[in-house]
Structure formats: C-alpha cells, structure tokens
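Colleague: Here it is: the structure, laid out below.
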Amino acid sequence: LAALLCFLAVGGAVDLNTTDPSPFDVDLNATDATKYWGPWTPARATWYGQPNGAGPDDNGGACGFKHTNQYPFASMTSCGNQPLFKDGKGCGSCYKIRCRKDMSCSGRTETVIITDMNYYPVAPFHFDLSGTAFGRLAKPGLNDRLRHSGIIDIEFTR
C-alpha cells in the first residue's frame, strides 16, 4: 500500500530501495512555526506609535487587522521582520517574548501577535512592538524608562 501511495503521489515509479534523500523524507508533524517552539531565541525589539497605543495610526497593519486596540489583540501587537512576517503567512502568529538585560525589564513573559511587516530590521529577528506591548516588558512604573532605551535585547519563543 505504501508503494502505491508513493507512486500516486509522484505520478511515477519510486525506488523504495534507494538511500538517497527523497521528497518523502519530511517530518509531517513539523511546520515552519515549530522551529521557534522550545528554547528561547535571541531577538531585538523596538516600539512605534503612541506610548500606550496599539501601534499604527489606523490600529491595523499589513495583515489587514483592524481595531487591534480591542479584544483579542488588546494592543499587544508587533510588526515582524521577514523571518516572522513570512510574506504575510506569519500574520496572526503569537509569540512569547521577554526581556532580561535592560535594568528596566521585568523578565515577565508577554504574548504578542504579528499584525504588520517590519521593513527596517535591526537584527535577524526583530519585533517592532506597539507602545503598549513594549511597556508591558518593564518592571512596574518603569515602562516609560524602558521605552527610552530604544532598541532592547529580548528573547522569543512560540
């Protein structure tokens, strides 16, 4: 049965005795998203928009989401550079982020949703956070101080 399915999938004969890599050497349980699942990955973060806003002026972005200041986004949004935005396939992806290096960072984990594209990355993985999301990474009462740091080191996972 497996040989028949292989034959139908590729439209021809398949040599099942070969040791060469084939299109069937694919982990069907893995996706692009799972490569970020697990260990924390280093990234950088910036922020834009109003200090307590949802990011863009129209509360939307390249993904077409509107009213991102309301549920379910609650202003916890981010632009992602290409490895996160993925030509739009990353729209709506949720990431856990945290910062621990800046003295104003709380170390708490926050969740952000990709709603826009970041065209000016400052690192291989760059989250351009809404003012609200950036401020939530801070210790209580230090959100403005953290925002004044500008570019910060963060970590992320799925």
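Colleague: Among the numbered conditions (1) out of contact with any Gly (no Cβ under 8 Å at 6 or more places or on another chain); (2) over 15 Å from residue 50 (Cβ atoms); (3) in a helix (DSSP H, G or I), tell me where residue 146 comes up short.
Modeller: (1)
Colleague: In the set 61, 38, 80, which member is under 18 Å from the mean Cα position of the chain (by Cα), at pLDDT below 90 and surrounded by 12 or more Cβ atoms within 10 Å (Cβ to Cβ)? Give the steps one after another, and end with the answer.
Modeller: Values: 38 fails: surrounded by 12 or more Cβ atoms within 10 Å (Cβ to Cβ); 80 fails: at pLDDT below 90.
Result of the check over 61, 38, 80: 61.
Colleague: Right, another one. For region 105-130, give me each residue that is surrounded by fewer than 20 Cβ atoms within 10 Å (Cβ to Cβ) and among the small types (Gly, Ala, Ser).
Modeller: Residues satisfying the conditions are 106, 107, 123.
Colleague: Across region 93-104, what is the total count of residues that are surrounded by fewer than 19 Cβ atoms within 10 Å (Cβ to Cβ) and touching a Phe, Trp or Tyr at 6+ places or on another chain (Cβ under 8 Å)?
Modeller: Summing the residues that are surrounded by fewer than 19 Cβ atoms within 10 Å (Cβ to Cβ) and touching a Phe, Trp or Tyr at 6+ places or on another chain (Cβ under 8 Å) in region 93-104 gives 2.
Colleague: Right, next: Can you confirm whether region 46-57 contains a residue that is free of Cβ contacts under 8 Å to residues at least 24 places away in the same chain, surrounded by fewer than 15 Cβ atoms within 10 Å (Cβ to Cβ) and in a loop (DSSP other than H, G, I, E, B)?
Modeller: Yes, region 46-57 contains a residue that is free of Cβ contacts under 8 Å to residues at least 24 places away in the same chain, surrounded by fewer than 15 Cβ atoms within 10 Å (Cβ to Cβ) and in a loop (DSSP other than H, G, I, E, B).
The values are calculated or read from the model by the stated rules, or taken from the named source; none is laboratory data. What you see is a predicted model, and the numbers here were worked out from it, not measured in a lab. Every residue, glycine as well, gets a Cβ built from its backbone with ideal geometry; the counts of neighbours run over all protein chains shown.
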